Structure formats: structure tokens, C-alpha cells
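Data first, discussion second: the structure below is written as C-alpha cells.
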Amino acid sequence: MSVADSEETKIRKDPNTNMPCQVDFEPIGRRALCEPGLTILEIARRAGVQLAAVCGGVGTCGQCKVQIREGKVSTLSGTEIEVLSASEIENGYRLACQAVALSSLKIHVPARSLTATQRIQVESLAVEVAVDPLVAGYALDLAPPTKEDIRSDAGRVADALRQRYGIELSAIDFNTAQIMSNRLRENHWSGIAVLRQSELIDWAPRAQRQLGFASDLGTTKMAGYLIDLKTGQLLASRGVMNPQIAYGEDVMARISYAMENPEKAETLARVVREAFEGMIGEMCAEVDTTPQAVTDAVIVGNTAMHHLFAGLPVRQLGLAPYVAAVSAAMDVKARDLGLHLAPGAYVHLLPNIAGFVGADHVAMLLATGIYKDNRVVAGLDIGTNTEVALWANGRLLTCSTASGPAFEGAHIRDGMRAAEGAIERILLDDEQIVYQTIGDVAPIGICGSGILDAVAQLFKHGVVDRRGAIKPGHPRVRETANGREFVLVEKEDSSAGREIIVTRGDIGEIQLAKGAMRAGLNILLEKAGISESDIDAVVIAGAFGSYIDVASAVAIGMFPTLPLDRFVQVGNAAGMGARMALVSQEQREEAKRIAAEAEYVELTNTPEFTEAFALAMYLN
């Protein structure tokens, strides 16, 4: 019987006060009121406390550890006994996804258990495109109705557009029709007719700019951009964590969650839509306007993020042969996606290529232009899922590799996201470790770029062999009941109150991630009939790709052994591609051509992949 089914979860009031439970999350300063019987993870989600839940809340990842300071919770589950150490149990630590509140609680949330306060990558390469958006504003001064002129308000606008601009109005958005008459009179028959091609989608005051919103909706992070549609100028940008993380850090965990029932699928759509609303509201306030000035939007993401945001079914994405519900580009009214923008604003979703190669990869290809280079170019958009592209001999080959969340610090013994206190750079000098932390504070854990550096340095100095095994002999290597481990930071130098170490398991996680990525590239090279030495350039995109040390990635075989000057890191190219599609009709058409011409390679159907993956697991 699970904890959720036991008798103790049936309590409906705090037995001490006969009132709903009050749960205080410290040091965050967040308080939640709820009935007993919910897990701490569920309570945290309701309170907006973003606890890490890599496994989707089933207890296997051990990321959601919290300390119970006061109050009563359910007895330890079998999963917790396996995951938590004896010392953690003695000191009141529990897994939030397993511990059920039975009374009011005071809970301490360690920094490493949170997904908030992290660096978000929004910067990218700059690409100039001719500004030609689908949405434009047309200034009009109308004559008011008289006894002799009783044309409808809509007819009056249509006639003025025809006479002044030669535009034949084809449609009027219904929500716009509902508010236009009042606005015409409030603004004395003067204003801006906002058209999306030939559809009237808003009637705005003369002073209002037509703004656009572009976003890269990542599995882990959401990057957003507020753009002036007339000039193409970037007005503001924001990065936030994707709140769906609270329901599972990887794509498959979220698909599984959504498949449980329609309400859970709707929850995943709702939380990301609310995040968009907040992001847009903040950016508009920054430039002294409101979200109602946003008249067009372009959002890109991998196929799963695309489907979950749009409310499309994802069951078929979670089961072989992993097909998308929709691959073609889509135009959806913003209001139908829960976004409160201009009355008739649309959201344009770029096309997907396949079940695991989505619109974000199309946007990356659009921004980098590797598909029209006269050289052989590899492109890697590194994330929880890494999309790999190869442009060679007039062919654009693509695939998706499950690189997993290790690059985000997940599944690493002392791993954490790229937040303050995370070790992000490491250099081993004989017996001395030199490291850099985000924020230049005492370390509390190690993020993805840090663990990659650590593995590269340990391999370079002979502490780790090609198979990833830690060898004896180095003074920082110690034997434990679970095998050898390497001490990066001594307890007294850490703000985590314990040593920060690298285990054999940590190295294995990096081997799995880099092995999948490299095997994918090797399969594409084989399909193209070329070798890695034929690659003229390697474009590295994505948030993680922006921070990694390329030399470290080459040293362990994650990237091909090529001169370092052949590698270029371009930041959030998917976000740049979304911005290009927002301001240019031509770029939207180009995105469609990219998706249509790309040759998708499904690695699970490729017999050579298993062997390629096994070989790529070895360190260089």
C-alpha cells in the first residue's frame, strides 16, 4: 500500500488546532494553508515553491529533500529509506514527494532542492533580417456618423483602409468587433487599425506601439523577448525557469504525467501559460505599456513542449513510434492559449520536424543558417534533449539524443543547477584544485559545466581511466563502501556543511550524456558518408552550450577532436530564430522550408546506434 492510500492520510484537520494545516517554507518565507493528506511536494507546488523533482515526484531522484523542523508527517516510505542516508534521516530530512503532511509544519528547504534563483540564458548571436512582420498598424482619422452617413463602424474602418491605403479588409476579429465601437468614440474617431495581413485584430490609440513577443520554450528554461514590430528593436528580455519542472524535469516524465488524466495535462499547459503571462507583463511594464499592446507572438519549443503548451495530445509522443500530433506550422488566437494580449492577437508556432526534433531546432537552424553554408557544418543544440544537425553535400540530417539532465546538475551526487554557489569551472594542478563558483561565494554544489570540467581534468591527469573508473593513488581519492570517490572541496571550505565530491556514478552520468550526443553525430556522419575530420565547423547552441569549456568537451570525446577554432558558441539561437520569424514573413516561410527539407534519423531504428553509443561512452 502506498503512503497516499494509508489511513493516516485521511485526516482532514490539524489534530492540534482542528484547522487546515499551515505549512511554512523557510528560509524562503512562503506560507501555505492546506488540508492534511497532501504530500509536501504538492503543497509546495500550490505555494509556488519550486522544488526540484527530476523524477516527476516518484521518489527515485532524491532531489526534493527537505528538513522537517516542526510538525508531524507520515512515516518513512521504503523509497526514502533507500534514498536518504542514516544521518539525513536522523536530522529530519524527508523527500517532499513522499512525506505527507499530518499537521501544521515548519520546513527548511535547502538551496540545492530549489529550482529557482538560477541564471537563465537569453543572450544569443545577433542576426539582421529585413523587418516585414505580418502585423502592422495603419493610422486613420474617421468621420463620425451623421444622419446622412449611417455606415456601420466596421464598414467605416474598412472604407477608410481601402481609400487611404488600398487595403481590402477580409475579416474582423470577433473580440475586436466587441470593443471597437467604444474605442472609436473614446478616441474621437482617431486611432490605429492593427491588421494581421488583411484581418483587423485591434483598434488602438495613436500613441500605442505594435509590439511582438518571441520565446524559446525550453524543457528547463523559458527565454522571452519583447520586440517593436515596426523597427525590429529588442525592447526587453526575460528568462525564467519552466514551472513544469515541478512535475518532472525531463520530457518523458512530463509526458507520463500528462497521460495520467486530462486535468494533469491541463495543469502542465496552465503553469507555462501563466509563466508567459508573468514574463510578458514584466517586460511591458519595463517599457511603460501593457500586454494589450502585444499584437503578435512566435513561440518555439521541442515537440513535447510545443504540444503541452498548445494543449495537443502527447500520448502518441510517449509511445513508439513517437509521432507528433501536428508537425506543420500553426497560427492560434492568443486568447485560445490563455494569453491576454491584443484582442485578436495570434501566436505562431513554427513547424516541428519529428517527434523529438521540434520547432526550437528549426529556429536554431534558421538563426545559424548552417543549412545554406558552403562547408560541412555540425550543429548541436545542447539541453535535456540534444538536437544534432549535419549539413553536408547538400543534405540536412537531424536527430535527437536523450542527453538527460546531467548537464543541469541532475543525477550528480553533489549536483545542482547553475545558481549562486555552484562550481562552474575546475582546474586540477597536481594535488591542488582550483575552482570558480557562480557569484564567487563558497561552494554548495557543482553544476553541469563544473562536472564536465571535473571529468576532463581527472581524465587528463590520469585519475580516471577511459572507462570512467577512478584510479587509486591521488591524495584526494578515497575508498568508501560505495567505491572510490574524488574530494573536490573539503567540508570546511564548503557552505553546504559537507564535502563536495565526484563519484564513479557522477562520471557515468556524464559518459551517458556525452555518449548519446556523440553517437548521434557519428550516425549522421555515417549517413552522410563522411568522417569527423571532414567537419569544417561545429556550432554549439543552447543555454548549457554557452557555458561549457569546449576544450573540456573535446578532451572527453563529447565533441570531435578538431582544432578549437572550428567551434563557435552561439547562445540561445532558438530564441534568435523565434525573433526572426516574429519580424519577418520571409523567415516564417524559410522555417517551413527547413522543416520540409530536413532528413530526420530516428536513432532507435538505426541498428548501428547501440554500438556507436557503447563506443562513445569511453572517454577520449
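The values are calculated or read from the model by the stated rules, or taken from the named source; none is laboratory data. Just so it is clear, the model here is predicted, and its values are computed rather than measured. Because the Cβ atoms are built from the backbone with ideal geometry, glycine has one as well, and the counts that use them run over all protein chains shown. With ligands, DNA and RNA removed, areas are computed over all heavy atoms of the protein, side chains included. Shrake-Rupley method; radii C 1.70, N 1.55, O 1.52, S 1.80 Å.
Brief remarks on what is shown
- Residue in region 214-226 that is open to solvent by 10 Å² or more (accessible area, probe 1.4 Å) and part of a helix (DSSP H, G or I) present: no
- Residue that is nearest to K72 (Cα to Cα), among those in region 93-108 that are open to solvent by 20 Å² or more (accessible area, probe 1.4 Å) and in a loop (DSSP other than H, G, I, E, B): S104
- Region 486-521: number of residues that are open to solvent by less than 20 Å² (accessible area, probe 1.4 Å), outside any loop (DSSP other than H, G, I, E, B) and not basic (K, R): 19
- Restricting attention to region 69-89 and to residues that are part of a helix (DSSP H, G or I) and within 19 Å of G37 (Cβ to Cβ), the residue that is least open to solvent (accessible area, probe 1.4 Å) turns out to be E80.
- Residue match in region 329-346 (condition: part of a loop (DSSP other than H, G, I, E, B), in contact (Cβ under 8 Å) with a residue 40 or more places away in the chain, open to solvent by 10 Å² or more (accessible area, probe 1.4 Å) and over 22 Å from M279 (Cβ atoms)): yes
- The number of residues in region 159-202 being open to solvent by 20 Å² or more (accessible area, probe 1.4 Å) and either in contact with a Lys or Arg (Cβ under 7 Å, 6 or more places away or on another chain) or part of a helix (DSSP H, G or I) (or both) comes to 17.
- If you go through region 41-66 and keep only what is without any contact (Cβ under 8 Å) to a residue 40 or more places away in the chain and part of a loop (DSSP other than H, G, I, E, B), you end up with G48, V58, G59, T60, G62.
- Verdict on L397 being part of a helix (DSSP H, G or I) and either touching a strand residue (DSSP E or B) at 6+ places or on another chain (Cβ under 8 Å) or open to solvent by less than 10 Å² (accessible area, probe 1.4 Å) (or both): no
- Only one of the listed residues (A543, A551) is on the phi < 0 side of the Ramachandran plot, at pLDDT below 95 and crowded, with 20+ Cβ neighbours inside 10 Å. That residue is A543.
- Pairs linking a residue in region 488-509 that is in contact (Cβ under 8 Å) with a residue 12 or more places away in the chain to a residue that is of a type in the set (S, T, N, Q), with Cβ atoms under 7 Å and 6 or more positions apart or on different chains, are I500/S494.
- From the options T368, T303, residue that is within 30 Å of L390 (Cα to Cα), surrounded by 22 or more Cβ atoms within 10 Å (Cβ to Cβ), under 19 Å from the mean Cα position of the chain (by Cα) and β-branched (V, I, T): T303
- The condition (being surrounded by fewer than 22 Cβ atoms within 10 Å (Cβ to Cβ), over 26 Å from the mean Cα position of the chain (by Cα) and within 17 Å of A513 (Cα to Cα)) is satisfied by just one residue among A469, A442, A456, A481: A469.
A quick yes/no check of all residues on (1) on the phi < 0 side of the Ramachandran plot; (2) of a type in the set (S, T, N, Q); (3) open to solvent by 20 Å² or more (accessible area, probe 1.4 Å):
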residue	(1), (2), (3)
A555	yes, no, yes
R566	yes, no, yes
M576	yes, no, no
R579	yes, no, yes
L582	yes, no, no
Q585	yes, yes, yes
R588	yes, no, no
K592	yes, no, yes
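- Subset of region 141-158 [of a type in the set (G, A, S), open to solvent by 40 Å² or more (accessible area, probe 1.4 Å) and touching a residue at least 12 places away in the same chain (Cβ under 8 Å)]: A143
- Residue within region 456-470 that is in a strand (DSSP E or B) and either farther than 18 Å from G508 by Cα or touching a Pro at 6+ places or on another chain (Cβ under 8 Å) (or both) present: no
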